[in-house]
Every structure is written in C-alpha cells, then in structure tokens.
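The values are calculated or read from the model by the stated rules, or taken from the named source; none is laboratory data. Quick caveat: nothing in here was measured; it's all calculated off a predicted structure. Here the Cβ is made from the backbone with ideal geometry for all residues, glycine too, and neighbour counts use every protein chain on show. Each accessible area value is taken on the protein alone, full model and side chains, heavy atoms only, with ligands, DNA and RNA left out. Shrake-Rupley method; radii C 1.70, N 1.55, O 1.52, S 1.80 Å.
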Amino acid sequence: MAVFLLLWQTISIPEPDREIYMNQHKIETKIMNPLIGTSIPLPGYATTGAAALDLRACLDHPMTVQPGETVLVPSGIAISIHDPGLVALLVPRSGLGIKHGIVLANTVGVIDSDYQGEIGIGIFNRGLQPYTIEPGERICQMMFVPVTQVALELVSEFSRESERGTGGFGSTGSK
C-alpha cells in the first residue's frame, strides 16, 4: 500500500502545473464566423484524456448529406501553427462512422503548419441513409502531431536490406 501511494504521489500533477508537464503548444486561432464562440462552442477537448479537439459544423441551418454524397462543411475557424515540426490532422469521429457511415472524404485531413485559411471539413456519407448535420454538431476531431521533413537521397540500391524487402499488400499474413 505504501508503494502504491508513493507512486501515486509521484505521477499526480497538481492542476495549476499540468500545462508544464503536458508540453502544451499555443496555437493561434482566428474566428472566421461569428457563430463560433456564441451559438457554436469553440473547439475543445471532450475529456482530460482526449487526444484530439472536437471540431463543430459551423452552419446556419442543418445540412443533409445523401448516401454517396460528399460535402464541404466549414469549421468557422482558422489556425496558424507556425511550427514546421507540427501538423494538425483531421480525423473522423468513430461514432459517426460506425453508427451513420459519416466519414471524412479524404480519410485524414492535413493542416500544414503554414496554412492559415478557414479549416474546411470534407464529409462523405458512405451509409445507406441520408444524414443531417446539425449546426454546432461535432463532426470530426483535430489532433496535433510531430512531423519531420526529410531530404530524399536518390540511390540505385538501398544500403541495407530489410527482412520484409519488397513484400507488401498482405505479404506478412493475416494472423
């Protein structure tokens, strides 16, 4: 019991100091539509353990997406990351995909560190029924992840062979 308490005390972070330990970056955010922050909440994390911010549909009125249809939904915000070592990724909300067939049109959206326009959310209805997006509905998530830019080095042969080699498309098996 004493060891458990000692470990608990070691990893417990007081709320005022939490930001220091989380290595939180500040991302400049511009409101592009006056609905954001008034009738539509600002993007935010649903829980303290959430990996991504929820983005909401910045709409004046409901938008129905027919099966097989793709639409562009405004987020009402623009961001400026500034840091080329970070990228924002738009990822689908699992509940919308599983329950309604609503996914991102390009599977994952990439918001580069130097893009400063309004974030548009491409939505695709892969379901069998029309789906109506309500104003302010949480329709995707935005997560920030580290990224590394590389220099491609042209070679005629690789310097080391991997165990896998050129095997792909299921070559490693299914079990």
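The rows are residues; the columns are (1) of a type in the set (F, W, Y); (2) within 14 Å of the chain's Cα centre (by Cα); (3) at positive phi; (4) at pLDDT below 95.
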| residue | (1), (2), (3), (4) |
| --- | --- |
| L59 | no, no, no, no |
| G68 | no, no, yes, no |
| H82 | no, no, yes, yes |
| V91 | no, yes, no, no |
| V103 | no, yes, no, no |
| Q116 | no, no, no, no |
| G122 | no, yes, no, no |
| N125 | no, no, no, no |
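Looking only at region 128-158, residues that are assigned to a loop (DSSP other than H, G, I, E, B) and among the β-branched types (V, I, T) come to 4 in all.
If the condition is being within 15 Å of I139 (Cβ to Cβ), of a type outside the set (S, T, Y) and open to solvent by 40 Å² or more (accessible area, probe 1.4 Å), then region 93-124 contributes R93, I98, K99, H100, A105, N106, V108, E118, F124.
Given the structure, is V91 aliphatic (A, V, I, L, M) and under 26 Å from V150 (Cα atoms)? When the stated conditions are applied, V91 passes them. Just one of the numbered conditions (1) surrounded by 11 or more Cβ atoms within 10 Å (Cβ to Cβ); (2) modelled with pLDDT of 95 or more; (3) not β-branched (V, I, T) is not true of R18: (2). Taking the criterion of being surrounded by 10 or more Cβ atoms within 10 Å (Cβ to Cβ) and under 20 Å from the mean Cα position of the chain (by Cα), the residues of region 138-168 that qualify are R138, I139, C140, Q141, M142, M143, F144, V145, V147.
Among the residues of region 93-119, those that are touching a residue at least 40 places away in the same chain (Cβ under 8 Å) and in contact with a Pro (Cβ under 9 Å, 6 or more places away or on another chain) comprise E118, I119.
As a summary of the residue check, V87 satisfies the conditions (1) open to solvent by 80 Å² or more (accessible area, probe 1.4 Å); (2) touching a residue at least 60 places away in the same chain (Cβ under 8 Å); (3) more than 27 Å from G127 (Cα to Cα) except for the one numbered (1). For region 22-75, list the strands (runs of 3 or more DSSP E) that sit wholly inside it and hold at least 1 residues that are closer than 18 Å to E118 by Cα and open to solvent by 60 Å² or more (accessible area, probe 1.4 Å); which are they? In region 22-75, the matching strands (runs of 3 or more DSSP E) lie at 28-31, 53-56.
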